[in-house]
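One structure below.
The values are calculated or read from the model by the stated rules, or taken from the named source; none is laboratory data. All values reported here derive from a predicted model rather than from experimental measurement. Positions of Cβ are generated from backbone atoms using ideal geometry, with glycine treated the same way; all protein chains shown enter the neighbour counts. Surface accessibility is based on the protein's heavy atoms, side chains included, excluding ligands, DNA and RNA. Shrake-Rupley method; radii C 1.70, N 1.55, O 1.52, S 1.80 Å.
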Amino acid sequence: YGSCADTEEEDMDLGGGDYENGKWYHTALMFGGVNTNGKRGMWVFDGSTGGFDFADWQWCRDETMDFIQGMQLPGGILMSPIEVTAAALSPKAIQESYYDRVPDFRVRRGPVIDDQTRMTETIPYERTQFAYPMSLVSPPILLQTRVEKTNVCRNHLGSVYQDKIWADTTNGVTCELPYECDQDLLNTSTALMSCSTASTPSEFFGQRPLDLGGQIQFYEFLQSITDAPILVRNGLPQETSTFIDAQTKSITVAMVTFAPEYGLASTISITATLSTEVSVDFSVGHYQSLEGDQLQQYRWVSYIGFILAVVILIEKVVTIAHKDVRAEIPGFVVDFIIQVFLPIVYFSIRLSQVAASKASILETVGTEGLAGVPWSSRSVSLGSKVGQFFDGLEKFEAKLSNESLMGTFYFVHATAALFRLIFQTSAHPRTAILVNTMIQAAGDLWHFVILFFVLNFGFIALGMAQFASEKSEFSTPLRSFETLWEMLLGSMIESGAIPSSTWSYNALIMLYLIFYNFFIFMIMLNFIIAIIVEAYMKVVASIADMEAEQEFCSDVSSVTYVSIKSLVLRWPGHMQLIKALKENRKIVCNYAMMRRLFPNWGRRSMMGFLKHYQRYDFMAITHEVEPSEQHETIRQTVEEVEERLAVMLGVPVPTKAERVMEGHRLNMIGQQERQARINRSATGKKSKDRPDRIFAPTLVVKDTDNYKPLDGTQGHSGNMSNGDASDFDKMSLRLEARLEGTIIRMMQQLHADSAVADSAVPADTRMGIEEDAPENTRPRHTTGEDILPQTGVYGSLGHVGAGISSLCQSSPAHSPSSPPARTKGSQPELVQVQPTENQFYSLFPQFEWPK
């Protein structure tokens, strides 16, 4: 070095003293250093002792010259590798380096072999077999997202404070002699401390950023950052310790592996997010190639899936064809989507993806993709290698994204099938206990969910507002919800070893947690238990009232047995039977009625059908259901309403037989009216040739109700025996009430008619009540709406109106406080009717046509 003139070059002689054989010496030269007086020159250190040679010259070197042109050593001297630093070290640093290496000097005696031998011999490769059946396809890559530095912070004090720190450092003793600060520190106020902007810098660590997966990221090799203290990028040295700083937002280690045995390629990403705290997470993605026998097996599985979907579709179409199509359409659509459409779509897409997996993995991970990057080639630039690597990685990530979408699709389909399976358990009363309990409790559960989320929202807001600054568990709404949910399941906030980190140290946190556990865990949790238990008890009670229900396996065996027996004996299908019974409005099956419904049904087969179901007690006409407490209350209420109506109308309470016969008469009227409407809709006008048929009120002889006149005489004998009459009474007791709305409208009309009639009758003689009768015996003139709420029963009053028309035909004398007694003289005139065989069966389906 010197003035860089050829005549002014200088040479440096090292080692002016005596040296011992077999001993190592540490020599250091520092060009461009300064002494304590600020003079520039060269330091020469021998061990820890150094000398300074003043020379304000420049290093004589240009880009065409080597950094070190040559070194001349006398014979018999060995030299270790030379260490060159990017900047001049301080005397203190050189001395520390010497003392750190003194232990090595004492044990090192020189090389085992000389240079000639070392240059001619080969070094065997130390082979180490892979411990796992997989390897890295490419070197691990570091990906960093970062923002730019700025001296303008979001708050004024931050800007002032960091400027003060920089000014105190550059203007203080830190940069005074004998210390020297670099130019970057002296000229840049953000060199020590800085705030961050939202923009990404245009260059970092000597490289420009890349757009990877929609994010602007900087890359570097993991081994370069961890193993080398200094990297040279674009001709500039970069200290690897500065790769992560305050402007780093996230660091990701990306690795790609491949297992040849299984044809499985994987990506492993380890991501560290740097904010107020450091959170580390990882993700693993797999892509497998199916070839040979495995591919053929998958094809067969897909074909079987297609066949099953078609079979299910045919079964659903056949089933819905034998039912009410309009009522079955919603269920058919749901089953079609879950069991037919979604499986066909999934297997179609998946089969094409699996068939192309061989070519896909070769293109992305194989020699045409990541495995084909020439990392060891010196003729290919680093930029080309990195570009090829990220192109292959992007294609591989696209394949993994498709795999993830198909996984989500399969999860949705499988979840829908799972819920359908749960709903299908309602086919049997015993297995339907889950579905029926949820249906029974649906209303209460819905309002419980609303209340639960309202309370949790309040606790989340309170926790974030009060404890987010000191407890990471409440830093975000999601973290707060996770914390509270884990507390609901029995855990508590994590406590450390020191007292201040426990949840009971802060009184506010302790009260917060106690309130949450009291309201949510102790009260709300018991609410939902009570709701479910109450619904469960109702479902169990309803199952106990079912007489036809058996144990699940017994029912399955019974259904199987009946299916085989019906096929052998050629019974009509169950849907055909149900349809015929509904169309003819029948609830009792006997030989005559079945013969009319199915005239082509063989006698032997029909008798086998009736005998098969006759063995069940609950199917018999004479079977009586043991009334529950609720049914008994309803029956007493109905009786009270009947008596009130009888008193109000001044007629006796209708007998059971009269109600049955009147019900048949009303059915005949309804059938006639429906037929008339059909005719009018077909012709567009009412037929004038057909007179409206009038059905007179039907009366039944007394013996059919086991009736005995009040005068003690025997009633007229009817066409039925006493046993038949008893069966007839029991059958009539089982009729369903179907005329609730009709009864209410009739009572309203009767009240209106009674109000008109009362206007023409003196007040003291209305309804047959004497003037001096007690007040509580006077019937009240009320509407149907006034009568029904007094009883609390609506749905069981339909059978009361069955005999109203016949009751209104008579005007017997009666007591003001009770229904008039039915005496022999008070019977209405009988209507003589000669019925046909069809009319007879419509009125008496349980009896044979008299020959």
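Couple of notes before you dig in:
- Among the residues of the stretch 137-195, those that are aromatic (F, W, Y) and part of a helix (DSSP H, G or I) comprise Y161, W166.
- Applying a threshold of 7 Å to beta carbon distances and a minimum spacing of six or more residues, or different chains, the list of pairs starting in the stretch 204-229 at a residue that is in contact (Cβ under 8 Å) with a residue 24 or more places away in the chain and ending at one that is open to solvent by 50 Å² or more (accessible area, probe 1.4 Å) and not hydrophobic (A, V, I, L, M, F, W, C) reads G206/N234; G213/E397; I216/T200.
- Some residue of the stretch 538-545 being open to solvent by 90 Å² or more (accessible area, probe 1.4 Å) and either at negative phi or touching a residue at least 24 places away in the same chain (Cβ under 8 Å) (or both): yes
- Number of residues in the stretch 148-184 that are open to solvent by less than 80 Å² (accessible area, probe 1.4 Å), more than 18 Å from Q247 (Cα to Cα) and of a type in the set (D, E, K, R) equals 0.
- Comparison of S302, S250 shows that the only residue that is in a strand (DSSP E or B), of a type outside the set (D, E) and at pLDDT 90 or above is S250.
- So R430, is it farther than 30 Å from I141 by Cα, assigned to a helix (DSSP H, G or I) and of a type in the set (K, R): no
- D324 being within 30 Å of R420 (Cβ to Cβ), surrounded by 12 or more Cβ atoms within 10 Å (Cβ to Cβ) and not β-branched (V, I, T): no
- So M406, is it open to solvent by less than 60 Å² (accessible area, probe 1.4 Å), in contact with a Lys or Arg (Cβ under 8 Å, 6 or more places away or on another chain) and over 23 Å from S275 (Cβ atoms): yes
- Qualifying residue in the stretch 201-213 (condition: of a type in the set (S, T, Y), more than 42 Å from the chain's Cα centre (by Cα) and surrounded by 15 or more Cβ atoms within 10 Å (Cβ to Cβ)): no
- Conditions (1) modelled with pLDDT under 85; (2) open to solvent by less than 90 Å² (accessible area, probe 1.4 Å): number failed by E640: (1)
- Sub-7 Å Cβ pairs linking a first residue in the stretch 118-144 that is more than 18 Å from D227 (Cβ to Cβ) to a second residue that is in a helix (DSSP H, G or I), at least 6 apart or interchain, are V137/L370; V137/A371, ordered by first then second residue.
- Test result for S360, farther than 27 Å from T415 by Cα, in a helix (DSSP H, G or I) and either open to solvent by 30 Å² or more (accessible area, probe 1.4 Å) or not basic (K, R) (or both): yes
- Residues of the stretch 253-286 that are loosely packed, with under 13 Cβ neighbours inside 10 Å, among the small types (G, A, S) and part of a strand (DSSP E or B): S279, S283.
- Of the candidates I587, I564, the single residue that is in contact (Cβ under 8 Å) with a residue 24 or more places away in the chain and either exposed (fewer than 15 other Cβ atoms within 10 Å of the Cβ) or in contact with a Ser or Thr (Cβ under 6 Å, 6 or more places away or on another chain) (or both) is I587.
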